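Enquirer: Handing you a structure now.
The values are calculated or read from the model by the stated rules, or taken from the named source; none is laboratory data. From a predicted model like this one, the values you see are computed outputs, not experimental measurements. Every residue, glycine among them, receives a Cβ derived from its backbone with ideal geometry; neighbour counts consider all protein chains shown. Each accessible area value is taken on the protein alone, full model and side chains, heavy atoms only, with ligands, DNA and RNA left out. Shrake-Rupley method; radii C 1.70, N 1.55, O 1.52, S 1.80 Å.
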Amino acid sequence: QVQLVESGGGLVQPGGSLRLSCSVSGSIFRIYTMGWYRQAPGKQRELVAHITNRGITNYADSVKGRFTISRDNAKNTVYLQMHSLKPEDTALYYCNTAPTSFHSWGQGTQVTVSS
């Protein structure tokens, strides 16, 4: 069973930056399109960025130009570099396959943007 472990969240001021990491167990990581999702209180989980196994990326309009998704297939890890963070980016961030989440969700990592 594939396990997803997210890390790197925290409290940051508006305009700040964070880098999230997601470690994925299983040797077939490299064939997956992977995505970062987020869920704010009272809202549905949304896909904010995804990256194919060949490195092609796609972003939600709300994060385009501010977030960068990347992956290291040798480390079975996917990253989300976030810049110019806004209070509306506050959410629990998760990774999973994309655009369909095939695996059980990890615990997520909390990102809070507040002054």
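Enquirer: Non-local amide H neighbours of Gln110 (under 5 Å, H modeled in plane, Pro and chain starts lacking H): which ones?
Expert: For Gln110, whose amide H was placed from the backbone, the distant partners under 5 Å are Gly9, Tyr93.
Enquirer: Please turn the phi angles of region 7-22 into ³J(HN,Hα) values with the Karplus equation 6.51 cos²θ - 1.76 cosθ + 1.60 (θ = phi - 60°), one per residue in order, whole Hz, x for glycine and proline.
Expert: 7, x, x, x, 9, 9, 6, x, x, x, 10, 8, 10, 9, 10, 9
Enquirer: Considering Cα pairs under 8 angstrom that are at least six residues apart, work out the relative contact order of the chain and quote it in whole percent. Can you show the working numbers first?
Expert: Values: 277 pairs, mean separation 43.0, N = 115.
It comes to 37 percent, rounded to a whole number.
Enquirer: Right, something else. Taking the dipole about the Cα centre of the chain, with the C-beta of Lys and Arg at +1 and of Asp and Glu at -1, give me whichever of Pro41, Gln3, Gln107 is farthest to the positive side.
Expert: So the residue furthest toward the plus end is Gln3.
Enquirer: Only sites in a loop by DSSP and with at most 16 other Cβ atoms within 10 Å count here; which trypsin sites (Lys or Arg not before Pro) in region 56-103 make the cut?
Expert: Details: sites: Lys64, Arg66, Arg71, Lys75; in loops: Lys64, Arg66, Lys75.
Loop-located and lightly packed - Lys64, Arg66, Lys75.
Enquirer: Report the dimensions of region 51-94 along its three principal axes from the alpha-carbon atoms, largest first, rounded to Å.
Expert: 34, 18, 15
Enquirer: Now a separate question. Let me spell out the model: positive unit charges on the Cβ of Lys and Arg, negative unit charges on the Cβ of Asp and Glu, origin at the Cα centre of the chain. What dipole size does that give, in debye rounded to 20?
Expert: The calculation lands at about 180 debye.
Enquirer: Sticking with this one: How large a share of the accessible area of the chain, in percent, is made up of carbon and sulfur atoms when the probe is 1.4 Å and the other protein chains stay in place?
Expert: Working: 2910 of 6090 Å².
Of the solvent-accessible surface of the chain, carbon and sulfur hold 48 percent.
Enquirer: Suppose every Lys and Arg Cβ carries +1 and every Asp and Glu Cβ carries -1, with no other charges. What dipole size does region 64-115 come out with about its Cα centre, to the nearest 20 debye?
Expert: Numbers: 5 positive and 3 negative charges, 27 e Å.
Computed about the Cα centre, the dipole is about 120 debye.
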